[in-house]
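The values are calculated or read from the model by the stated rules, or taken from the named source; none is laboratory data. In this text, all values refer to a predicted model and were calculated from it rather than measured experimentally. Please note: Cβ atoms are built from the backbone with ideal geometry, for glycine as well, and neighbour counts cover all protein chains shown. Note: accessible area is taken over every heavy atom of the protein model, side chains too, but ligands, DNA and RNA are not part of it. Shrake-Rupley method; radii C 1.70, N 1.55, O 1.52, S 1.80 Å.
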Amino acid sequence: MAAPKPEEISFPPMDQLQGLEYCIDSNPSWGEAIALGFQHYILALGTAVMIPSFLVPLMGGTDGDKVRVVQTLLFVEGINTLLQTLFGTRLPTVIGGSYAFMVPIISIIHDTSLMSIEDNHVRFLNTMRAVQGALIVASSIQIILGYSQMWAICSRFFSPLGMVPVIALVGFGLFDRGFPVVGRCVEIGIPMLILFIAFSQYLKNFLTKQLPILERFALLISITVIWAYAHLLTASGAYKHRPELTQLNCRTDKANLISSAPWIKIPYPLQWGAPTFDAGHAFGMMAAVLVSLIESTGAYKAASRLASATPPPTHVLSRGIGWQGIGILLNGLFGTLSGSTVSVENVGLLGSTRVGSRRVIQISAGFMIFFSILGKFGALFASIPFTIFAAVYCVLFGLVASVGLSFLQFTNMNSMRNLFIVGVALFLGLSVPEYFREYTAKALHGPAHTRGSWFNDFLNTIFFSSPTVALLVAVFLDNTLDYKDSARDRGMPWWVKFRTFKGDSRNEEFYTLPFNLNRFFPPS
């Protein structure tokens, strides 16, 4: 038997992923684009409902308050997504709520001056205003880093090797929102997981009028089937005598969103009253803003690959971070109870559907704004049990993580230096946040527990984030460990041409601002 040729056992590195039907600036038909946009909207509902559902009761809020926060969050998500796709990175990314803000917000909720308020409604309003004030002040971090191009300067220290653990852990770091949540209601979660994989992968070649309908709309079809199945279980009394936690995760009538939602309600700035400002609250929130910045950086690079675009040039990335800072400012003004970041699950959906079209994401932003105003209709879709979303996350988070690993093709993985950096950064990126989570669950406070609550919030928030820990470790090691002689091993010859806007002719096609705005903001 003849020895295999080198080209038969290895594959050349490729700038852009193959097999995508529509890239960033190519669009499906309007009918297909609208259906795909609605699918992205449905997926974004998971986080938009989960964050207020957890935080509002802790603040003393009612179901009505929870619905208003969900509506406001979706409304601002739609605005931020439009701003980002039009004037920011211009990548097809949904800008949604972020779990990174949970630590400082929970700290604000448990502030003794707020906890001492006896009237629940007054406590809810005062807590909301305190969170708003902290978000407004903290948003200045991303606005300054973005528009001053300081983040562009920082990103020059990144290499493909250094970015692998960061992008990978943008997906892998969310493992606790995957199967652990599916396990809370296996009779719904596991069928959803199996059905989604079957439709999107095994039946992807099933065509209807030359359209791979099962692959393209696997999320919508599987959610419809499992939601109907869950409703059938609920109506038949399957959960009548089950524990409260099981009912909360399995029943379709436990969210109390539809009955509490108004028919029409337009969110507006300062709807909860004038924000209040506290230096300690703001400092803790700044850590969440930094975490959001790092997580979004990884997600933007993953989205560029899944949209068959070149990696965003440094000034485009910095521009996107600046607009994300504006988004967090809007979060604070409207009172969404969360800051903004790139929705990782929606980035994964780009790969699952093989549609990376910018127009599809802009249509999904339209759905967010529309259904947040028509409260009853939006609440109907928002009442989907979160277990269903968690099953989809198992696939989509993993897909984003694998995109991060794909950057290894540009590096030398026969180098012990590279193996050391990637391995240590991945392990610590998973292990350190897990330590912080376990410690907090047992002690009811984070490992950083000094008299300075602002200091505690800052450290605990930073080290709760897997991508942030991975970036600190990977970028430090990559730029200090034999870095002078390792440029080729790190993948820098491939990476360096994408740093500047004019470094690759394709950048103009993907990242040029609309309405001829580049005349006023020339690319660098």
Which whole-number value in Å² is the accessible area per residue of the chain, probe 1.4 Å? 41
Which whole number of Å³ per residue matches the convex hull of the alpha-carbon atoms in region 199-334? 245
Mind counting lysine pairs for me in the chain? Cα separation below 23 Å, and the two need to be 8 or more apart along the chain or on different chains. 10
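Let me have the 222 nm mean residue ellipticity of the chain computed from DSSP H runs of 4+ only, each contributing -39500 (n - 2.57), with the sum over all residues rounded to the nearest 500. Mind dumping the intermediate values first?
On the way: 25 runs with 333 residues, N = 524.
Using -39500 (n - 2.57) per qualifying helix, the result is -20500 deg cm²/dmol.
Place the peptides 211-218, 14-21, 508-515 in order of packing, highest mean first, counting for every residue the other Cβ atoms within 10 Å and averaging per peptide. Write down the numbers at each step before the final one.
Numbers: 211-218: 20.6, 14-21: 13.2, 508-515: 15.5.
Final packing ranking: 211-218, 508-515, 14-21.
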Determine the distance separating the Cα centre of region 302-350 from the Cα centre of region 403-428; give it in Å without decimals. 25
Carbon and sulfur: what percent of the chain's accessible surface (1.4 Å probe)? 66
Sort all Cα-Cα distances of region 10-141 into consecutive 10 angstrom bins from zero, then give the percent of pairs in each bin up to the one containing the longest distance. 10, 32, 27, 17, 10, 4, 0
How big is region 395-524 along each principal axis, measuring the range of its Cα positions in Å and listing the largest first? 54, 44, 34
Just tell me, in residue order, which DSSP H segments of the chain are both 18 angstrom or longer along the helix axis (alpha-carbon based) and at least 1.6 in mean Kyte-Doolittle hydropathy. 218-235, 386-406
Based on the inverse mean of 1/r over its pairs of different Cα atoms, what is the Kirkwood hydrodynamic radius of region 328-444, in Å? 18.2
Can you list, by residue number, the Cys in the chain that have no neighbouring cysteine C-beta under 4.7 Å? 23, 154, 394
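Order 121-127, 305-311 from most to least packed using the mean count of other Cβ atoms within 10 Å. The partial results should precede the final answer.
Working: 121-127: 18.9, 305-311: 25.0.
Those peptides, ordered most packed to least, come out 305-311, 121-127.
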Any idea what Rg and Dmax come out to for region 24-409 if you just take the C-alpha atoms, in Å? 20.1, 63
With +1 on each Lys and Arg Cβ and -1 on each Asp and Glu Cβ, how big is the dipole of region 275-422 about its Cα centre, in debye rounded to the nearest 20? 460
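Going by average Cβ neighbours within 10 Å, how do the peptides 71-83, 225-237 rank, with the highest at the top?
Values: 71-83: 25.2, 225-237: 15.1.
Descending mean neighbour count gives 71-83, 225-237.
What is the dipole size for the chain, taken about its Cα centre, with +1 at each Lys and Arg Cβ and -1 at each Asp and Glu Cβ, in debye to the nearest 20? Show your work: numbers first, answer last.
Values: 36 positive and 30 negative charges, 105 e Å.
It works out to roughly 500 debye.
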Charge-dipole axis of region 24-409 as Lys and Arg at +1 and Asp and Glu at -1 on Cβ define it, positive-most pick from 189, 306, 100: 306
